[in-house]
1. So which residues in segment 221-280 are of a type in the set (Ser, Thr, Tyr) and either under 18 Å from GLU152 (Cβ atoms) or in a strand (DSSP E or B) (or both), if there are any at all?
2. If you take the residues in segment 254-270 that are surrounded by 15 or more Cβ atoms within 10 Å (Cβ to Cβ) and out of contact with any Asp or Glu (no Cβ under 7 Å at 6 or more places or on another chain), which one is modelled with the lowest pLDDT?
3. Scan segment 155-169 and tell me whether some residue there is more than 14 Å from LEU239 (Cα to Cα) and not in a loop (DSSP other than H, G, I, E, B).
4. Of all residues in segment 111-138, how many are assigned to a strand (DSSP E or B) and acidic (Asp, Glu)?
5. Only one of (1) surrounded by 15 or more Cβ atoms within 10 Å (Cβ to Cβ); (2) assigned by TED's automatic domain parsing to the domain that holds MET97 is not met by LEU172, so which one is it?
6. For segment 185-196, indicate whether the set of residues that are within 27 Å of the chain's Cα centre (by Cα) and closer than 26 Å to LEU108 by Cβ is non-empty.
7. Of the numbered conditions (1) surrounded by 12 or more Cβ atoms within 10 Å (Cβ to Cβ); (2) modelled with pLDDT of 90 or more, LYS71 fails exactly one; give the number of that condition.
8. State all residues of segment 189-213 that are in a helix (DSSP H, G or I), aliphatic (A, V, I, L, M) and surrounded by fewer than 15 Cβ atoms within 10 Å (Cβ to Cβ); if no residue qualifies, say none.
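The values are calculated or read from the model by the stated rules, or taken from the named source; none is laboratory data. Please read all numbers here as calculations on a predicted model, not as lab measurements. Note: ideal-geometry Cβ built from the backbone for every residue, glycine included; neighbour counts use all protein chains shown.
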Amino acid sequence: MLDLRLLRFFIAIYEEKNITAAAARCHVSQPSLSAGLRQLEESLGDSLFIRGKKGVEAKDPAHYLYPHAVKLVEEARRLPTLFRQKATRARLNMAIMPDLSRRRLAGLLRRVQGVLPELDLTLSDYGTPADCRLTLDALRREDEIFLPLWEEEYVLCVPRGHPLAGRARIELAELQHHDFIECPPCEAHQQTIGLLACDRLTLNLVAKAESKGLVMALVLAGVGISFLPDGLVEDEAGLCTLPVSGPRMFRRIGLCYPTHQTLNPALRALIPELAGQGAS
């Protein structure tokens with residue numbers, strides 16, 4: 001590993017073209033500077049200067065080394081400042097619920113960056129401890145406040161080529177004739193099953209999945225049809241989405257943060273800016 005002190009000696013000699021002037025610039029004796037130069041040349045396995053009566057002349061290896069040496073010395077000089085700046089930057093850890101609209105999530109992150117451009121932001125898995133959670137209002141805990149950000153409509157999703165793919169709208173009762181994929185944690189699915197049960201109708205449940213992304217994979221594979229949030233499927237070319245007659249089915253996404261616990265300073269600054277504005 002090269003000694004930065006030796007690189008500073010080299011830079012001074014290269015720029016001053018004189019050992020005596022370089023030694024004065026580095027506040028060391030001439031013998032110490034010469035010894036440092038020899039040590040650097042031994043480390044590199046090559047000589048760097050031609051010594052003459054009026055000074056030194058840089059050789060090709062010196063010309064090659066100079067820009068790298070300047071960069072290394074400058075980076076080393078700036079390192080303490082960078083660490084001090086990083087230590088004072090605001091930090092925020094946000095746990096993100098899976099299967100959200102990528103476009104709307106990106107819009108939220110752009111807004112966060114606009115409010116806090118120097119923020120050190122960490123996006124964590126949904127189940128890990130964090131300063132706040134991006135999740136559904138239905139999943140708010142008793143000790144949390146929910147700040148709504150956007151809503152996503154549930155739409156019936158069918159693979160392209162499915163008999164329903166060309167329909168402009170479908171009645172809820174028609175679903176009983178088609179294979180259906182259930183997502184047990186999904187309120188829209190439970191609402192659909194309940195509404196059909198009121199008319200003594202049932203769905204032909206052929207598969208279950210524990211996440212919206214897995215449901216979408218099953219629909220794309222042609223296993224059956226299902227309800228999915230419009231934000232999740234907005235860029236999926238393999239699916240057709242259909243409105244269904246009946247009560248509105250949607251989910252509301254927002255930030256959950258502690259009610260009584262002292263808030264993260266960055267989160268405290270962010271909340272007023274996000275309140276009532278949503279994610280673009």
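1. Applying the first criterion (of a type in the set (Ser, Thr, Tyr)) to segment 221-280 yields 226, 241, 245, 257, 259, 262, 280.
Listed by number, the residues that qualify are SER226, THR241, SER245, TYR257, SER280.
2. So in segment 254-270, the residues surrounded by 15 or more Cβ atoms within 10 Å (Cβ to Cβ) come out as 254-258, 263-264, 266-267, 269-270.
Okay, now just the ones that are also out of contact with any Asp or Glu (no Cβ under 7 Å at 6 or more places or on another chain), so 255, 263, 266, 269-270.
Numbers: LEU255: 95, LEU263: 84, ALA266: 90, ALA269: 88, LEU270: 90.
Looking at the filtered set, the residue picked out is LEU263.
3. Going residue by residue through segment 155-169, those that are more than 14 Å from LEU239 (Cα to Cα) are 168-169.
This time we only want the ones that are not in a loop (DSSP other than H, G, I, E, B), so: none.
The answer is no; no qualifying residue exists.
4. Let us first name the residues in segment 111-138 that are assigned to a strand (DSSP E or B), namely 120-124, 132-136.
Imposing the further condition that a residue be acidic (Asp, Glu) reduces the set to 120.
Number satisfying all stated conditions: 1.
5. All conditions are met except number (2).
6. Yes, segment 185-196 contains at least one residue that is within 27 Å of the chain's Cα centre (by Cα) and closer than 26 Å to LEU108 by Cβ.
7. (1)
8. Pass one, segment 189-213, residues in a helix (DSSP H, G or I): 189-198, 212-213.
Narrowing the set further to residues that are aliphatic (A, V, I, L, M) leaves 193, 195-197.
Across segment 189-213, the qualifying residue is only ALA197.
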